[in-house]
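Report on the following structure.
The values are calculated or read from the model by the stated rules, or taken from the named source; none is laboratory data. As the structure is a computational prediction, the values presented were derived from the model and not from experiment. Note that each Cβ is placed from the backbone with ideal geometry, even for glycine, and that neighbours are counted across all protein chains shown.
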Amino acid sequence: MHIESKIVHGGQHPDKETGALAPPIYQTSTFAFRSAEHGARLFKQEEKGYIYTRLSNPTIDLLGSKIALLESAEAGVVFASGLAAIFNVVVTLTKAGEHVVSDNTIYGGTYALFKSILPKIGIEVTFCNTADADQLVSCIKDNTRLIFTETPANPTLKIVDIARCSEIARAKNIPLCVDNTFATPYLQRPVELGADIVVHSATKYFSGHGDIIGGVVVGKKDFAHQLWEDAKEIGACSSPFNAWLVLRGLKTLAVRMDRHCESAMKIAEYLAKHDKVEKVYYPGLTSHPGYELAKKQMSDFGGMLGFDVKGGKEAGKTIMNSVKLCILAVSLGDVDTLIEHPASMTHSTYSDEELRGCGINPGYVRISVGLEHVDDLIADLDQALSKI
Ligand code: LCS
């Protein structure tokens with residue numbers, strides 16, 4: 001089946017009892033046992049069934065299995081947020097005294113988790129450019145238990161070679177985890193390129209409508225089972241209603257992504273020709289250093305782009321304070337176009353030196369291209385650029 005059809009039908013069947021086509025929302029904290037013996041059997045995992053929504057819930061499970069299907073993975077686990085998903089992956093695979101290698105260009109919240117929270121529990125993280133194979137290899141230690149990367153990377157749209165990273169990881173027997181939030185499985189499937197684990201902020205393109213916070217992890221069955229076992233005790237579970245909203249949003253993922261990609265390309269081309277724009281960051285432009293690789297590992301270039309405006313930070317601020325249709329807000333992947341300033345917003349957890357180190361310039365402006373008419377978006381950016 002093509003991915004478009006899996007996106008609509010995958011994992012979902014009309015409800016057996018009622019025929020309801022939309023999946024029921026099992027909005028319940030707990031599930032009644034048939035007897036004391038039945039409850040005990042469920043707790044011992046001798047029989048399948050539901051106990052308590054922090055442990056599992058049919059609406060939430062449906063989302064996990066649907067994302068696993070779309071990502072060509074064996075199983076999926078759903079979390080309260082993308083960051084909860086990433087934290088749970090790390091604590092399932094590592095313990096105090098062990099080590100993680102992460103790319104240095106990742107979402108600022110993930111960076112803060114790795115830089116400030118993991119060391120508190122004795123897990124050391126080395127940041128490097130995973131797009132540079134030699135750098136990645138040189139950072140791996142005997143106690144490295146996880147390699148983490150994000151591609152396209154937030155916010156610079158750096159492209160990392162997933163197949164190359166997975167060869168390196170496999171040779172050392174270390175799991176590779178890829179944050180696939182920007183691409184979604186519609187455009188890129190890291191498991192097919194050799195990655196072991198894929199994480200998502202479901203808050204973004206999966207939901208698509210900017211109305212929930214959620215996260216998903218997919219991988220091999222054994223890993224997903226251990227992740228779920230640990231997650232039960234950590235407690236960062238989704239709500240059934242949020243999982244349902246993601247299932248609903250997902251149905252239109254393919255058509256939304258097509259439009260996001262088409263409009264982002266037009267906006268990138270418009271910005272690249274603008275005399276007040278210093279540089280455009282969009283992997284679909286042949287001038288982008290990751291263009292060839294993106295063409296190889298993605299089926300299109302995504303809806304995220306960024307640009308450096310001439311005049312640095314002040315000029316960037318002028319753009320953000322002048323747009324009328326684009327919304328000045330963080331997050332991404334929504335139907336609404338969102339514009340933001342990574343250095344002071346999504347990546348404010350980076351020091352100035354760290355920002356420079358991964359090429360996030362002070363005036364860099366990031367856009368999550370929405371589903372408005374592209375001519376209206378270009379007109380809005382045009383009037384904002386004219387204010388500089
Ligand atoms: N991974 C990526 C690539 C992200 O962009 C984000 C959030 C997360 C993980 C964390 O997901 P959450 O816990 O928020 O569901 N990115 C954001 C951004 O760029 N602006 O606001 C949030």
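A few notes on this one:
- Cross-chain or 6+ apart pairs with Cβ under 9 Å, the stretch 51-74 first and in contact (Cβ under 8 Å) with a residue 40 or more places away in the chain, then basic (Lys, Arg) and in a helix (DSSP H, G or I): ARG54/LYS232; LEU55/LYS232; SER56/LYS232; LYS66/LYS6; LEU69/LYS6; LEU70/LYS6; GLU74/LYS221
- Complete set of residues in the stretch 131-156 that are of a type outside the set (Gly, Ala, Ser) and within 14 Å of the ligand (Cβ to nearest atom): PHE148, THR149, GLU150, THR151, PRO152, ASN154, PRO155, THR156
- Candidates ALA243, ALA264, ALA236 - the one that is crowded, with 19+ Cβ neighbours inside 10 Å, over 30 Å from ILE168 (Cα atoms), touching a residue at least 12 places away in the same chain (Cβ under 8 Å) and within 14 Å of the ligand (Cβ to nearest atom): ALA243
- Each residue in the stretch 201-227 was checked for being under 18 Å from SER102 (Cβ atoms) and either under 9 Å from the mean Cα position of the chain (by Cα) or free of Cβ contacts under 8 Å to residues at least 60 places away in the same chain (or both), and 2 of them qualify.
- The residues of the stretch 26-57 that are surrounded by fewer than 18 Cβ atoms within 10 Å (Cβ to Cβ) and in contact with a Phe, Trp or Tyr (Cβ under 8 Å, 6 or more places away or on another chain), listed by number, are GLN27, SER29, THR30, PHE31, GLY39, GLY49, TYR50, ILE51, TYR52.
- When VAL198, VAL178 are checked against the criterion of being without any contact (Cβ under 8 Å) to a residue 60 or more places away in the chain and within 13 Å of the ligand (Cβ to nearest atom), VAL178 stands alone in meeting it.
- For the residues LYS95, LYS120, LYS115, the requirement of being of a type in the set (D, E, K, R) and touching a Phe, Trp or Tyr at 6+ places or on another chain (Cβ under 9 Å) singles out LYS115.
- Residues located in the stretch 364-380, provided they are in contact (Cβ under 8 Å) with a residue 60 or more places away in the chain and either outside the structural domain of LEU332 (by TED's automatic domain parsing) or within 16 Å of LEU157 (Cα to Cα) (or both): TYR364, ARG366, ILE367, SER368, VAL369
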